[in-house]
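Below: one structure, written as structure tokens.
What follows is calculated from the coordinates using simple rules that are stated; it is not laboratory data. Computed from a prediction, not measured in an experiment: that's the story for all the values here. Positions of Cβ are backbone-derived with ideal geometry, glycine not excepted, and every protein chain shown enters the neighbour counts.
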Amino acid sequence: MGSYEENYLDKRPQSLCHMCGKCCRVVTTSTPYETLKKMAEENDKGAIDFLSIFVPYESIEAARQADSEVVDNIINRLSEDGNYIEDETTFYCCKYLQDDNLCSNYENRPVLCRHCPSSPWSIVPPGCGFEGWLFWKREEEKEKIRRAKEELLELKLLKKRKNSPETLQKIEAVEQKILRNIDMYKKYGSENW
Ligand code: SF4
Ligand code: SF4
């Protein structure tokens, strides 16, 4: 199977980043700001890291003034997936981003920056150097799920043969593993791939 690092992070060509700073200037999270603050109080490392660098914009309009294209891209993408709730959405800017778009905290930047874009389905700013690469990574994942579905069909045929109870049990265990894997991608639409 391989780890997240082996399968994704280590393969990500960092040279694709052309250092426009857009992903540091306008950012949002799926977790509302108030919840993030509570999580940080309860020592959640991810929330603490996030709030240690990102400062909220006063309003969505204020974020639009910083970069309306990025704000609207995020809102559109979240809306397409039915995940945009205006009242619960806060945009942030990193306090370490310099006017020349470079990071003044580069050597000490938290893990969330080192992992960004952290998944093939990450929402990146329009024109981000990773756009094309992320597209191909998504296609690779889809291909894996299509192959897994073919394996399921083969297992279904196998189950129709005369099997011992032990063999049947093993086949069903493999089936369950494959189904769990497909289910992990459900939020991205794996049922239709
Ligand atoms: S938006 Fe993309 S290209 Fe720009 S700094 Fe972020 S990762 Fe690099
Ligand atoms: S710490 Fe640096 S890399 Fe991370 S968001 Fe801020 S400016 Fe960007």
Residue-span extension gain [Lys160 to Glu34] - 0.36 nm each, minus C-alpha spacing: 40.0 nm
Using only the alpha carbons of the range 69-193, determine the length spanned along each of the three principal axes and report them from longest to shortest in whole angstroms. 70, 33, 27
Label point distance in nm, Glu80-Glu6, each placed 7 Å from Cα along Cα→Cβ: 3.2 nm
Could you tell me the relative contact order of the chain? Use alpha-carbon pairs under 8 Å, at least six residues apart, and round to a whole percent. 23 percent
Once each part is reduced to its C-alpha centroid, what is the distance from the range 47-74 to the range 127-193 in angstrom? 37 Å
When the label point is put 7 Å from the Cα of Ser119 along its Cα-to-beta-carbon vector, which residues of the range 23-64 have a backbone N closer than 15 Å? 28-31
Between Glu42 and Asn181, 0.36 nm times their residue separation minus their Cα-Cα distance comes to what? 46.9 nm
By how many degrees, between 0 and 90 and to the nearest 10, does the Cα long axis of helix 60-80 differ from the longest principal axis of the chain? 10 degrees
Taking 7 Å along the Cα-to-C-beta vector as the label spot, tell me the Gln98-Ser59 distance in nanometres, rounded to one decimal. 3.3 nm
Cα-Cα over 19 Å, subset of Lys137/Lys177; Lys144/Lys186; Lys142/Lys170; Lys38/Lys95; Lys156/Lys186; Lys22/Lys142: Lys137/Lys177; Lys142/Lys170; Lys38/Lys95; Lys156/Lys186; Lys22/Lys142
Once the Cα gyration tensor of the range 137-192 is diagonalised, what are the square roots of 5 times its eigenvalues, in whole Å and ordered largest first, as equivalent ellipsoid semi-axes? 26, 11, 8
List the cysteines in the chain whose Cβ has no other cysteine Cβ under 4.7 Å from it. Cys17, Cys20, Cys23, Cys93, Cys103, Cys113, Cys116, Cys128
